[in-house]
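Inspection log for the structure reproduced underneath, given as structure tokens.
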Amino acid sequence: MKVGPLTVVAIAVVAGGLGVLASLFVGGPGPLLGTEAGQRLYADTLSATAPAPPEGVTVARRGDVIAPFEIAGLDGPTLQMPAAYSGRPVLVNLWASWCGPCIEEMPELDRFAQEQSDTGVQVLGIALDDAEAVRAFLERVPVNYAIALDAPGPADAGVRLGNPRGVLPYTVLLSPDGRMLKQRIGPFAHGEIDDWVAP
């Protein structure tokens, strides 16, 4: 059987892509995950292998306006997302008190939130966790940005914000009108958020 040059190229591209994905899962993402292209590839791979969401749950994609959903404020009223943060960009970070990388990046998120002016980027942390565990954690490691709470599962806030595999930490940047501009799978290193949020 004769194989044409286009077939050879297609096989090479597929094999190369599978090699990159295998290296991500076996050896860790390394510098690739820190790039926008790496983040897009990782997000697309996770979404392609995720189970279908429950009926009525919309998994947002980059460029989409987020479908409305509710989350509980940790010690306040229920929030209607994305309307609760309309008018200014908002960085939404999903985390849990048991997630080591989530905890490591919280001081960086707190620093970023405190540096924002009244017209700057808002920061919201959504804990996919038990309320008592979150309160106990925040007594030890307080932050100055808003914290909301959701139960982890196939229809949680992370799934609705484009993370159907539930990888934590997970962060999105929403525009003032609730459009998902960026996704970040994994923690931010010190100083990284500023460049990530910049247009």
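Backbone phi angles across segment 150-157, fed through the Karplus curve with coefficients 6.51, -1.76 and 1.60 (θ = phi - 60°), yield HN-Hα couplings of 8, 7, x, x, x, 10, 6, 4 Hz in residue order; Gly and Pro are listed as x. With θ taken as phi - 60° and the Karplus curve 6.51 cos²θ - 1.76 cosθ + 1.60 applied, the whole-hertz 3J(HN,Hα) list for segment 117-126 is 7, 5, 10, x, 6, 7, 10, 10, x, 10 Hz, x standing for glycine and proline. Solvent exposure of segment 36-135 amounts to 48 Å² per residue of accessible area, where only protein heavy atoms count and the probe is 1.4 Å. Model label sites at Glu115 and Thr45, defined 7 Å from Cα along the beta-carbon direction, differ in position by 3.0 nm. Taking a virtual spin label 7 Å from the Cα of Thr35 along the C-beta vector, which residues in segment 147-182 bring their backbone nitrogen under 20 Å of it? Residues 182 qualify, since their backbone N sits under 20 Å from the label point.
When the accessible area of segment 44-199 is computed with all protein chains present and a 1.4 Å probe, what percentage of it is carbon and sulfur? That share works out to 54 percent. Each of the peptides 116-129, 159-172 was scored by the mean count of other Cβ atoms within 10 Å over its residues; in descending order, highest first, they stand as 159-172, 116-129.
Highest first, please rank the peptides 103-112, 53-62 by the mean number of other Cβ atoms sitting within 10 Å of their residues. Let's see the in-between values first.
Values: 103-112: 18.1, 53-62: 13.3.
Top to bottom by mean Cβ count within 10 Å: 103-112, 53-62.
The values are calculated or read from the model by the stated rules, or taken from the named source; none is laboratory data. Fair warning: this is a prediction, and the values are worked out from it, not measured in the lab. Ideal geometry is used to build each Cβ from the backbone, glycine not excepted, and the neighbour counts take in all protein chains shown. What goes into the accessible areas is simple: the full protein's heavy atoms, side chains included, and nothing from ligands, DNA or RNA. Shrake-Rupley method; radii C 1.70, N 1.55, O 1.52, S 1.80 Å.
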